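See below for the structure under consideration.
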Amino acid sequence: MSDRPRASQRVVRNTTTTAFAQIVSMAASFVLAPWLIRAFGPSAYGAFMLVAAVSAFTSLLDLGLGPALEKLLAEDRAARRPEEAGELVASVARTYLGLGVGVAAIDGALAWLAPHVFAIGADEVPLVRALLLVAAGGALVWWPLSVGARILGGLQRHSRVAAGTALMALLQTAGTIVLLALGRGPVALAVLTQAVLIVGAAWLLVVARFELTDAGIPTRPAQVRAVRRALAFSGPVFVLNLAAQVLYHHTDRLLLGMFVGSVAVALYEGPARFVAVLLQSIAFGNTAILPRASELHAAGDTEGLQRLLLTASRYVCAFAAPIALTFAVLARPLLVGWLGPAFAAAEAPAVLLCGLQVALVALTVGHTIVVATGKLPGRLPVILTIVSLNVVLSVALVRPLGMTGVALATVVAALVDLPLHVRYLVRHVGLDLGAFVREVVRPVYPLLALPAALAVAARASGLTGTLVGALATSAGVVLVYWLAFLAFAIGRDERATLIATVRGALRPGGAR
(Lines give C-alpha, C1' and ligand atoms only; values in the text may rest on other atoms or scores of the structure.)
Protein backbone atom coordinates (compact mmCIF):
# COMPACT_ATOMS: atom_id res chain seq x y z
CA MET A 1 0.00 0.00 0.00
CA SER A 2 1.34 3.48 -0.85
CA ASP A 3 2.10 6.05 1.82
CA ARG A 4 -0.83 8.32 0.92
CA PRO A 5 -3.61 5.75 1.45
CA ARG A 6 -1.93 4.61 4.65
CA ALA A 7 -1.76 8.20 5.87
CA SER A 8 -5.42 8.79 5.01
CA GLN A 9 -6.45 5.62 6.78
CA ARG A 10 -4.36 6.55 9.80
CA VAL A 11 -6.08 9.95 10.02
CA VAL A 12 -9.52 8.30 9.74
CA ARG A 13 -8.58 5.60 12.24
CA ASN A 14 -7.24 8.13 14.74
CA THR A 15 -10.32 10.31 14.22
CA THR A 16 -12.85 7.51 14.68
CA THR A 17 -11.18 6.08 17.79
CA THR A 18 -10.86 9.53 19.34
CA ALA A 19 -14.50 10.20 18.47
CA PHE A 20 -15.57 7.01 20.24
CA ALA A 21 -13.75 8.03 23.40
CA GLN A 22 -15.24 11.52 23.29
CA ILE A 23 -18.73 10.11 22.76
CA VAL A 24 -18.36 7.82 25.76
CA SER A 25 -17.13 10.71 27.90
CA MET A 26 -19.83 13.12 26.74
CA ALA A 27 -22.62 10.57 27.12
CA ALA A 28 -21.56 9.86 30.70
CA SER A 29 -21.41 13.57 31.44
CA PHE A 30 -24.87 14.23 30.05
CA VAL A 31 -26.45 11.31 31.89
CA LEU A 32 -24.92 12.19 35.24
CA ALA A 33 -25.39 15.98 35.21
CA PRO A 34 -29.09 16.07 36.27
CA TRP A 35 -28.47 13.49 39.00
CA LEU A 36 -25.60 15.52 40.40
CA ILE A 37 -27.58 18.77 40.35
CA ARG A 38 -30.45 17.15 42.24
CA ALA A 39 -28.18 15.36 44.71
CA PHE A 40 -25.89 18.31 45.50
CA GLY A 41 -28.30 21.20 44.98
CA PRO A 42 -27.66 24.15 42.62
CA SER A 43 -25.36 25.98 45.03
CA ALA A 44 -23.01 23.06 45.80
CA TYR A 45 -23.03 21.89 42.18
CA GLY A 46 -22.21 25.42 41.07
CA ALA A 47 -19.28 25.49 43.51
CA PHE A 48 -18.04 22.18 42.07
CA MET A 49 -18.17 23.55 38.51
CA LEU A 50 -16.57 26.82 39.59
CA VAL A 51 -13.53 24.94 40.86
CA ALA A 52 -13.54 22.95 37.61
CA ALA A 53 -13.28 26.27 35.76
CA VAL A 54 -10.34 27.24 37.96
CA SER A 55 -8.65 23.96 37.04
CA ALA A 56 -9.26 24.68 33.37
CA PHE A 57 -7.45 27.98 33.71
CA THR A 58 -4.52 26.54 35.64
CA SER A 59 -4.08 24.10 32.76
CA LEU A 60 -2.87 27.12 30.81
CA LEU A 61 0.39 26.86 32.75
CA ASP A 62 1.18 24.12 30.27
CA LEU A 63 2.29 27.16 28.21
CA GLY A 64 1.49 25.25 25.04
CA LEU A 65 4.21 22.67 25.68
CA GLY A 66 1.81 19.74 25.19
CA PRO A 67 0.82 20.64 21.61
CA ALA A 68 4.45 21.61 20.94
CA LEU A 69 5.58 18.14 22.02
CA GLU A 70 3.03 16.49 19.72
CA LYS A 71 4.00 18.62 16.71
CA LEU A 72 7.77 18.47 17.16
CA LEU A 73 7.79 14.76 17.99
CA ALA A 74 5.86 14.06 14.78
CA GLU A 75 8.35 16.17 12.83
CA ASP A 76 11.36 14.49 14.44
CA ARG A 77 10.00 11.08 13.50
CA ALA A 78 9.28 12.18 9.93
CA ALA A 79 12.82 13.62 9.64
CA ARG A 80 14.39 10.56 11.37
CA ARG A 81 15.88 12.49 14.31
CA PRO A 82 15.47 9.99 17.20
CA GLU A 83 18.07 11.63 19.47
CA GLU A 84 16.38 15.01 19.31
CA ALA A 85 13.00 13.35 19.88
CA GLY A 86 14.31 11.65 23.02
CA GLU A 87 15.67 14.91 24.40
CA LEU A 88 12.39 16.66 23.66
CA VAL A 89 10.33 14.07 25.53
CA ALA A 90 12.61 14.12 28.58
CA SER A 91 12.74 17.89 28.71
CA VAL A 92 8.98 18.42 28.53
CA ALA A 93 8.44 15.67 31.11
CA ARG A 94 10.77 17.41 33.57
CA THR A 95 9.09 20.75 32.94
CA TYR A 96 5.70 19.21 33.69
CA LEU A 97 7.01 18.09 37.07
CA GLY A 98 7.66 21.71 38.00
CA LEU A 99 4.34 22.84 36.60
CA GLY A 100 2.52 20.43 38.88
CA VAL A 101 4.08 22.14 41.90
CA GLY A 102 3.13 25.57 40.52
CA VAL A 103 -0.50 24.63 39.90
CA ALA A 104 -0.79 23.12 43.38
CA ALA A 105 0.51 26.37 44.89
CA ILE A 106 -2.05 28.44 42.96
CA ASP A 107 -4.93 26.19 44.02
CA GLY A 108 -3.78 26.40 47.62
CA ALA A 109 -3.60 30.19 47.51
CA LEU A 110 -7.09 30.42 46.02
CA ALA A 111 -8.40 28.13 48.76
CA TRP A 112 -7.15 30.61 51.34
CA LEU A 113 -8.51 33.64 49.46
CA ALA A 114 -11.78 32.06 48.28
CA PRO A 115 -14.22 34.36 50.18
CA HIS A 116 -12.45 37.42 48.77
CA VAL A 117 -12.27 36.21 45.17
CA PHE A 118 -15.67 34.58 44.59
CA ALA A 119 -19.24 35.76 45.25
CA ILE A 120 -20.01 32.96 47.71
CA GLY A 121 -21.73 32.95 51.06
CA ALA A 122 -20.09 32.02 54.34
CA ASP A 123 -21.75 28.60 54.22
CA GLU A 124 -20.14 27.88 50.83
CA VAL A 125 -16.57 28.85 51.78
CA PRO A 126 -15.60 25.52 53.44
CA LEU A 127 -16.81 23.56 50.41
CA VAL A 128 -14.97 25.72 47.87
CA ARG A 129 -11.79 25.56 49.97
CA ALA A 130 -11.97 21.78 50.26
CA LEU A 131 -12.51 21.39 46.52
CA LEU A 132 -9.54 23.62 45.74
CA LEU A 133 -7.28 21.67 48.11
CA VAL A 134 -8.29 18.40 46.45
CA ALA A 135 -7.44 19.97 43.08
CA ALA A 136 -4.05 21.03 44.45
CA GLY A 137 -3.21 17.52 45.61
CA GLY A 138 -4.27 16.02 42.30
CA ALA A 139 -2.17 18.50 40.32
CA LEU A 140 1.01 17.44 42.09
CA VAL A 141 0.61 13.89 40.79
CA TRP A 142 -1.28 14.31 37.53
CA TRP A 143 0.91 16.88 35.81
CA PRO A 144 4.11 14.78 35.64
CA LEU A 145 2.11 11.79 34.40
CA SER A 146 0.12 13.69 31.76
CA VAL A 147 3.06 13.83 29.34
CA GLY A 148 2.20 10.27 28.29
CA ALA A 149 -0.90 11.33 26.35
CA ARG A 150 1.09 14.02 24.56
CA ILE A 151 3.78 11.52 23.56
CA LEU A 152 1.16 9.20 22.10
CA GLY A 153 -0.35 12.12 20.20
CA GLY A 154 3.01 12.94 18.66
CA LEU A 155 3.46 9.31 17.66
CA GLN A 156 -0.04 9.40 16.13
CA ARG A 157 -1.22 6.64 18.43
CA HIS A 158 -4.52 8.37 19.14
CA SER A 159 -6.26 5.03 19.46
CA ARG A 160 -4.24 4.41 22.64
CA VAL A 161 -5.26 7.77 24.07
CA ALA A 162 -8.86 7.12 23.04
CA ALA A 163 -8.87 3.78 24.84
CA GLY A 164 -7.55 5.43 28.00
CA THR A 165 -10.07 8.26 27.75
CA ALA A 166 -12.98 5.86 27.29
CA LEU A 167 -11.83 3.71 30.21
CA MET A 168 -11.51 6.77 32.45
CA ALA A 169 -15.00 7.91 31.48
CA LEU A 170 -16.45 4.51 32.37
CA LEU A 171 -14.60 4.42 35.71
CA GLN A 172 -15.72 7.97 36.49
CA THR A 173 -19.32 7.12 35.65
CA ALA A 174 -19.37 3.94 37.73
CA GLY A 175 -17.68 5.67 40.67
CA THR A 176 -20.06 8.61 40.52
CA ILE A 177 -23.10 6.33 40.58
CA VAL A 178 -21.71 4.57 43.65
CA LEU A 179 -21.06 7.88 45.41
CA LEU A 180 -24.58 9.11 44.65
CA ALA A 181 -26.03 5.87 45.96
CA LEU A 182 -24.03 6.32 49.17
CA GLY A 183 -25.17 9.92 49.54
CA ARG A 184 -21.67 11.41 49.24
CA GLY A 185 -21.13 15.03 48.30
CA PRO A 186 -19.01 17.19 45.96
CA VAL A 187 -15.73 16.68 47.84
CA ALA A 188 -15.94 12.90 47.49
CA LEU A 189 -16.69 13.34 43.78
CA ALA A 190 -13.68 15.64 43.42
CA VAL A 191 -11.43 13.02 45.06
CA LEU A 192 -12.80 10.34 42.74
CA THR A 193 -12.26 12.55 39.69
CA GLN A 194 -8.63 13.23 40.61
CA ALA A 195 -7.98 9.55 41.29
CA VAL A 196 -9.40 8.50 37.91
CA LEU A 197 -7.37 11.15 36.11
CA ILE A 198 -4.18 10.05 37.82
CA VAL A 199 -4.71 6.35 37.12
CA GLY A 200 -5.53 7.06 33.48
CA ALA A 201 -2.52 9.33 33.02
CA ALA A 202 -0.21 6.76 34.61
CA TRP A 203 -1.46 4.02 32.28
CA LEU A 204 -1.00 6.20 29.19
CA LEU A 205 2.54 7.08 30.30
CA VAL A 206 3.44 3.40 30.55
CA VAL A 207 1.99 2.76 27.09
CA ALA A 208 3.85 5.77 25.73
CA ARG A 209 7.18 4.43 27.00
CA PHE A 210 6.65 1.17 25.13
CA GLU A 211 5.63 3.06 21.97
CA LEU A 212 8.78 5.20 22.16
CA THR A 213 10.88 2.06 22.32
CA ASP A 214 9.05 0.55 19.34
CA ALA A 215 9.61 3.77 17.40
CA GLY A 216 13.34 3.62 18.09
CA ILE A 217 13.39 6.79 20.18
CA PRO A 218 15.98 6.44 22.96
CA THR A 219 15.78 7.70 26.51
CA ARG A 220 17.84 10.87 26.70
CA PRO A 221 18.59 13.37 29.47
CA ALA A 222 16.61 16.59 29.58
CA GLN A 223 18.28 19.51 27.82
CA VAL A 224 17.69 23.25 28.08
CA ARG A 225 17.96 23.56 24.30
CA ALA A 226 15.07 21.13 23.88
CA VAL A 227 12.90 23.20 26.21
CA ARG A 228 13.80 26.34 24.26
CA ARG A 229 12.91 24.59 21.03
CA ALA A 230 9.52 23.59 22.42
CA LEU A 231 8.87 27.07 23.82
CA ALA A 232 9.61 28.63 20.43
CA PHE A 233 6.51 26.87 19.16
CA SER A 234 4.48 26.73 22.36
CA GLY A 235 4.29 30.47 23.02
CA PRO A 236 1.75 31.12 20.27
CA VAL A 237 -0.14 27.95 21.24
CA PHE A 238 -0.33 29.24 24.82
CA VAL A 239 -1.98 32.43 23.58
CA LEU A 240 -4.32 30.30 21.49
CA ASN A 241 -5.29 28.20 24.52
CA LEU A 242 -5.79 31.36 26.55
CA ALA A 243 -8.10 32.68 23.85
CA ALA A 244 -10.07 29.43 23.83
CA GLN A 245 -10.53 29.57 27.60
CA VAL A 246 -11.56 33.23 27.51
CA LEU A 247 -13.86 33.03 24.49
CA TYR A 248 -15.81 30.07 25.78
CA HIS A 249 -17.49 28.95 28.97
CA HIS A 250 -14.63 28.66 31.47
CA THR A 251 -14.28 32.43 31.69
CA ASP A 252 -18.04 32.75 31.72
CA ARG A 253 -18.20 30.42 34.74
CA LEU A 254 -15.52 32.36 36.57
CA LEU A 255 -17.18 35.72 35.95
CA LEU A 256 -20.58 34.38 36.99
CA GLY A 257 -18.98 32.95 40.13
CA MET A 258 -17.22 36.24 40.89
CA PHE A 259 -20.11 38.65 40.17
CA VAL A 260 -23.40 36.70 40.35
CA GLY A 261 -22.99 33.53 42.43
CA SER A 262 -22.71 29.77 42.35
CA VAL A 263 -26.37 29.20 41.38
CA ALA A 264 -25.80 31.11 38.15
CA VAL A 265 -22.77 28.91 37.50
CA ALA A 266 -24.99 25.84 37.91
CA LEU A 267 -27.68 27.18 35.53
CA TYR A 268 -25.06 28.09 32.93
CA GLU A 269 -23.91 24.49 32.94
CA GLY A 270 -26.61 23.60 30.41
CA PRO A 271 -25.35 25.89 27.63
CA ALA A 272 -21.77 25.13 28.65
CA ARG A 273 -22.32 21.38 28.14
CA PHE A 274 -23.86 22.00 24.72
CA VAL A 275 -20.82 24.02 23.70
CA ALA A 276 -18.50 21.37 25.14
CA VAL A 277 -20.16 18.70 22.98
CA LEU A 278 -19.76 20.86 19.89
CA LEU A 279 -16.14 21.76 20.59
CA GLN A 280 -15.24 18.13 21.26
CA SER A 281 -17.09 17.06 18.11
CA ILE A 282 -14.93 19.48 16.17
CA ALA A 283 -11.73 18.74 18.09
CA PHE A 284 -11.70 14.97 17.66
CA GLY A 285 -11.08 15.38 13.94
CA ASN A 286 -8.62 18.23 14.33
CA THR A 287 -6.61 16.26 16.91
CA ALA A 288 -5.67 13.70 14.27
CA ILE A 289 -5.22 16.37 11.59
CA LEU A 290 -2.52 18.32 13.45
CA PRO A 291 0.30 15.72 13.31
CA ARG A 292 -0.65 14.82 9.72
CA ALA A 293 -0.43 18.49 8.71
CA SER A 294 2.94 18.72 10.50
CA GLU A 295 4.23 15.78 8.45
CA LEU A 296 3.04 17.31 5.17
CA HIS A 297 4.57 20.65 6.07
CA ALA A 298 7.89 19.04 7.01
CA ALA A 299 7.88 17.20 3.67
CA GLY A 300 7.10 20.40 1.74
CA ASP A 301 3.89 18.90 0.34
CA THR A 302 1.89 22.09 -0.31
CA GLU A 303 -0.60 20.33 -2.53
CA GLY A 304 -1.23 17.74 0.18
CA LEU A 305 -1.87 20.49 2.74
CA GLN A 306 -4.35 22.19 0.40
CA ARG A 307 -6.23 18.96 -0.15
CA LEU A 308 -6.22 18.19 3.59
CA LEU A 309 -7.61 21.66 4.33
CA LEU A 310 -10.52 21.40 1.90
CA THR A 311 -11.43 17.76 2.46
CA ALA A 312 -11.16 17.80 6.25
CA SER A 313 -13.04 21.12 6.47
CA ARG A 314 -15.90 19.67 4.44
CA TYR A 315 -16.28 16.58 6.62
CA VAL A 316 -15.77 18.32 9.96
CA CYS A 317 -18.33 20.94 8.92
CA ALA A 318 -20.83 18.37 7.71
CA PHE A 319 -20.49 16.47 10.97
CA ALA A 320 -20.67 19.32 13.49
CA ALA A 321 -22.74 22.11 11.88
CA PRO A 322 -26.10 20.24 11.95
CA ILE A 323 -25.52 19.29 15.59
CA ALA A 324 -24.88 22.93 16.51
CA LEU A 325 -27.95 24.10 14.59
CA THR A 326 -30.16 21.47 16.20
CA PHE A 327 -28.96 22.45 19.70
CA ALA A 328 -29.79 26.09 18.93
CA VAL A 329 -33.30 25.39 17.62
CA LEU A 330 -34.21 22.87 20.32
CA ALA A 331 -32.30 24.51 23.20
CA ARG A 332 -35.31 25.08 25.47
CA PRO A 333 -36.92 21.61 25.27
CA LEU A 334 -33.52 19.93 25.61
CA LEU A 335 -32.55 22.00 28.67
CA VAL A 336 -35.90 21.65 30.42
CA GLY A 337 -36.29 17.95 29.68
CA TRP A 338 -32.69 17.18 30.63
CA LEU A 339 -32.00 19.39 33.66
CA GLY A 340 -35.38 20.69 34.81
CA PRO A 341 -37.73 23.70 34.44
CA ALA A 342 -35.30 26.13 36.13
CA PHE A 343 -32.92 25.73 33.20
CA ALA A 344 -35.37 27.37 30.79
CA ALA A 345 -33.63 30.56 31.92
CA ALA A 346 -30.52 29.36 30.07
CA GLU A 347 -32.22 29.16 26.65
CA ALA A 348 -30.91 32.50 25.34
CA PRO A 349 -27.22 31.82 26.06
CA ALA A 350 -27.59 28.31 24.62
CA VAL A 351 -29.07 29.67 21.37
CA LEU A 352 -26.35 32.33 21.11
CA LEU A 353 -23.42 30.00 21.75
CA CYS A 354 -24.65 27.07 19.65
CA GLY A 355 -25.67 29.30 16.77
CA LEU A 356 -22.19 30.81 16.80
CA GLN A 357 -20.61 27.39 16.31
CA VAL A 358 -22.56 26.84 13.09
CA ALA A 359 -20.45 29.58 11.52
CA LEU A 360 -17.13 28.99 13.29
CA VAL A 361 -16.86 25.28 12.51
CA ALA A 362 -15.92 26.05 8.90
CA LEU A 363 -12.58 27.57 9.95
CA THR A 364 -11.41 25.07 12.55
CA VAL A 365 -9.40 22.83 10.22
CA GLY A 366 -7.68 25.83 8.67
CA HIS A 367 -6.80 27.04 12.14
CA THR A 368 -5.37 23.63 13.03
CA ILE A 369 -3.17 23.74 9.93
CA VAL A 370 -2.00 27.23 10.90
CA VAL A 371 -0.86 25.79 14.23
CA ALA A 372 0.72 22.71 12.64
CA THR A 373 2.72 24.72 10.10
CA GLY A 374 4.07 27.20 12.67
CA LYS A 375 2.21 30.19 11.22
CA LEU A 376 0.25 31.02 14.34
CA PRO A 377 2.44 33.94 15.57
CA GLY A 378 1.03 36.27 12.93
CA ARG A 379 -2.46 35.73 14.35
CA LEU A 380 -1.48 36.55 17.93
CA PRO A 381 -2.08 40.33 17.89
CA VAL A 382 -5.61 39.79 16.57
CA ILE A 383 -6.28 36.94 19.01
CA LEU A 384 -5.16 39.05 21.97
CA THR A 385 -7.32 41.95 20.79
CA ILE A 386 -10.38 39.71 20.46
CA VAL A 387 -9.72 38.17 23.89
CA SER A 388 -9.49 41.64 25.43
CA LEU A 389 -12.71 42.69 23.72
CA ASN A 390 -14.50 39.62 25.05
CA VAL A 391 -13.31 40.21 28.62
CA VAL A 392 -14.33 43.88 28.56
CA LEU A 393 -17.77 43.08 27.14
CA SER A 394 -18.27 40.18 29.57
CA VAL A 395 -17.45 42.30 32.63
CA ALA A 396 -19.73 45.06 31.35
CA LEU A 397 -22.66 42.77 30.60
CA VAL A 398 -22.49 40.14 33.36
CA ARG A 399 -24.23 42.22 36.02
CA PRO A 400 -27.16 43.58 33.97
CA LEU A 401 -27.72 40.49 31.78
CA GLY A 402 -26.19 37.61 33.77
CA MET A 403 -25.77 34.45 31.72
CA THR A 404 -27.02 36.06 28.52
CA GLY A 405 -24.50 38.88 28.95
CA VAL A 406 -21.40 36.67 29.02
CA ALA A 407 -22.72 34.59 26.11
CA LEU A 408 -23.45 37.72 24.07
CA ALA A 409 -19.93 38.99 24.72
CA THR A 410 -18.53 35.74 23.34
CA VAL A 411 -20.64 35.97 20.19
CA VAL A 412 -19.80 39.60 19.47
CA ALA A 413 -16.05 39.04 19.92
CA ALA A 414 -16.06 35.91 17.74
CA LEU A 415 -18.03 37.57 14.93
CA VAL A 416 -15.63 40.53 14.92
CA ASP A 417 -12.79 38.04 14.46
CA LEU A 418 -14.48 35.92 11.76
CA PRO A 419 -13.56 38.00 8.67
CA LEU A 420 -10.08 38.65 10.07
CA HIS A 421 -9.58 34.92 10.49
CA VAL A 422 -10.69 34.19 6.92
CA ARG A 423 -8.29 36.81 5.61
CA TYR A 424 -5.41 35.28 7.56
CA LEU A 425 -6.12 31.82 6.18
CA VAL A 426 -6.17 33.20 2.65
CA ARG A 427 -2.79 34.86 3.11
CA HIS A 428 -0.88 32.32 5.18
CA VAL A 429 -2.36 28.88 4.46
CA GLY A 430 -3.06 29.49 0.80
CA LEU A 431 -6.81 29.20 1.25
CA ASP A 432 -8.51 29.61 -2.12
CA LEU A 433 -11.84 31.27 -1.32
CA GLY A 434 -13.41 30.07 -4.56
CA ALA A 435 -12.40 26.45 -3.91
CA PHE A 436 -13.46 26.78 -0.28
CA VAL A 437 -16.92 27.96 -1.27
CA ARG A 438 -17.26 25.18 -3.87
CA GLU A 439 -15.92 22.33 -1.74
CA VAL A 440 -16.95 23.31 1.80
CA VAL A 441 -19.61 26.03 1.99
CA ARG A 442 -21.80 24.97 -0.94
CA PRO A 443 -22.02 21.24 -0.07
CA VAL A 444 -22.57 21.84 3.67
CA TYR A 445 -24.54 24.99 4.47
CA PRO A 446 -27.57 25.08 2.13
CA LEU A 447 -28.56 21.61 3.35
CA LEU A 448 -28.83 22.98 6.92
CA ALA A 449 -32.25 24.35 5.97
CA LEU A 450 -33.51 20.75 6.09
CA PRO A 451 -32.73 19.95 9.77
CA ALA A 452 -33.74 23.49 10.78
CA ALA A 453 -37.18 23.12 9.20
CA LEU A 454 -37.68 19.64 10.66
CA ALA A 455 -36.67 20.78 14.15
CA VAL A 456 -38.96 23.82 14.07
CA ALA A 457 -41.86 21.69 12.85
CA ALA A 458 -41.26 19.07 15.54
CA ARG A 459 -41.15 21.70 18.26
CA ALA A 460 -44.33 23.40 16.98
CA SER A 461 -46.18 20.09 16.86
CA GLY A 462 -45.28 19.22 20.46
CA LEU A 463 -43.02 16.28 19.63
CA THR A 464 -40.26 17.79 21.79
CA GLY A 465 -42.40 18.15 24.90
CA THR A 466 -40.52 15.36 26.69
CA LEU A 467 -36.82 14.60 26.97
CA VAL A 468 -37.27 11.43 24.92
CA GLY A 469 -39.08 13.39 22.23
CA ALA A 470 -36.46 16.16 22.19
CA LEU A 471 -33.58 13.68 21.97
CA ALA A 472 -35.29 11.59 19.30
CA THR A 473 -36.02 14.72 17.28
CA SER A 474 -32.42 15.91 17.62
CA ALA A 475 -30.98 12.57 16.55
CA GLY A 476 -33.46 12.23 13.72
CA VAL A 477 -32.90 15.63 12.13
CA VAL A 478 -29.12 15.31 12.37
CA LEU A 479 -29.25 11.83 10.82
CA VAL A 480 -31.44 13.14 8.00
CA TYR A 481 -28.87 15.83 7.30
CA TRP A 482 -25.95 13.35 7.24
CA LEU A 483 -27.82 11.06 4.85
CA ALA A 484 -28.72 14.00 2.61
CA PHE A 485 -25.09 15.13 2.63
CA LEU A 486 -23.84 11.70 1.59
CA ALA A 487 -26.52 11.37 -1.09
CA PHE A 488 -26.45 14.84 -2.66
CA ALA A 489 -23.45 16.89 -1.49
CA ILE A 490 -20.59 14.65 -2.63
CA GLY A 491 -20.00 12.77 -5.85
CA ARG A 492 -20.12 9.03 -6.38
CA ASP A 493 -16.34 8.69 -6.66
CA GLU A 494 -15.72 10.65 -3.47
CA ARG A 495 -18.36 8.64 -1.65
CA ALA A 496 -16.74 5.37 -2.78
CA THR A 497 -13.29 6.64 -1.78
CA LEU A 498 -14.56 7.71 1.63
CA ILE A 499 -16.17 4.33 2.28
CA ALA A 500 -13.02 2.48 1.15
CA THR A 501 -10.81 4.67 3.33
CA VAL A 502 -12.99 4.14 6.39
CA ARG A 503 -13.10 0.39 5.83
CA GLY A 504 -9.34 0.23 5.44
CA ALA A 505 -8.78 2.32 8.55
CA LEU A 506 -11.13 0.19 10.65
CA ARG A 507 -9.62 -3.08 9.45
CA PRO A 508 -7.26 -4.52 12.13
CA GLY A 509 -3.76 -3.30 11.32
CA GLY A 510 -5.10 -1.30 8.40
CA ALA A 511 -3.46 1.98 9.30
CA ARG A 512 -0.78 1.21 11.77
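The values are calculated or read from the model by the stated rules, or taken from the named source; none is laboratory data. Fair warning: this is a prediction, and the values are worked out from it, not measured in the lab. We place every Cβ from the backbone using ideal geometry, glycine too, and count neighbours over all the protein chains shown. Remember, those area values only see protein heavy atoms, side chains included, never the ligands or the DNA or RNA. Shrake-Rupley method; radii C 1.70, N 1.55, O 1.52, S 1.80 Å.
Determine the share of region 362-478's accessible area contributed by carbon and sulfur atoms, expressed in whole percent, with a 1.4 angstrom probe.
Carbon and sulfur atoms account for 73 percent of the accessible area of region 362-478.
In what sequence, largest accessible area first, do TRP338, TRP142 appear using a 1.4 Å probe?
Result of the area sort, largest leading: TRP142, TRP338.
Tell me, what is the 1.4 Å probe accessible area of THR302, in Å² to the nearest 10?
Probe radius 1.4 Å; accessible area of THR302 about 90 Å².
Place a +1 charge on the Cβ of each Lys and Arg in the chain and a -1 charge on the Cβ of each Asp and Glu, then give the dipole magnitude about the Cα centre in debye, rounded to the nearest 20.
In debye, rounded to 20, the chain gives about 840.
Enumerate the calculated ³J(HN,Hα) couplings along region 107-119 in order (Karplus 6.51 cos²θ - 1.76 cosθ + 1.60, θ = phi - 60°), each rounded to whole Hz, writing x wherever the residue is Gly or Pro.
Karplus values, whole Hz, x for Gly and Pro: 4, x, 5, 5, 4, 5, 9, 3, x, 8, 9, 10, 7.
Considering only VAL161, GLY98, PHE57, whose Cα is most displaced toward the positive end of the charge dipole of region 45-200, charges sitting on Cβ of Lys, Arg (+1) and Asp, Glu (-1)?
VAL161
Please report the accessible area of LEU204 (heavy atoms, 1.4 Å probe, ligands and nucleic acids excluded) in Å², nearest 10.
Accessible area, nearest 10 Å²: 10 Å².
Take GLU83 and THR385, extend 7 Å from each Cα along the Cα→Cβ direction, and tell me the distance between the two endpoints in nm.
4.5 nm
Mind putting a number on the dipole of region 138-245 about its Cα centre? Charges go on the C-beta only, +1 for Lys and Arg and -1 for Asp and Glu, and I need it in Debye to the nearest 20. Write down the numbers at each step before the final one.
Numbers: 9 positive and 2 negative charges, 69 e Å.
Once rounded to the nearest 20, the dipole reads 340 debye.
Sort all Cα-Cα distances of the chain into consecutive 10 angstrom bins from zero, then give the percent of pairs in each bin up to the one containing the longest distance.
Going from the shortest bin to the longest, the percentages are 4, 18, 30, 29, 16, 4, 0.
For a quick check of understanding: with a 1.4 angstrom probe and all protein chains in place, what accessible area in square angstrom does ASP432 have, to the nearest ten?
Here the accessible area works out near 80 Å².
Could you sort HIS158, HIS297, HIS367, HIS116 by accessible area so the largest value comes first, with the probe set to 1.4 Å?
Order by accessible area, largest first: HIS116, HIS297, HIS367, HIS158.
Select from ALA321, ALA331, GLY374 the residue farthest towards the positive end of the dipole of region 305-439; place +1 on Cβ of Lys and Arg, -1 on Cβ of Asp and Glu, and compute about the Cα centre.
Of the candidates, GLY374 comes out farthest on the positive side.
Where the centroid of each part is defined by its Cα atoms, how far is region 91-121 from region 405-463 in Å?
38 Å
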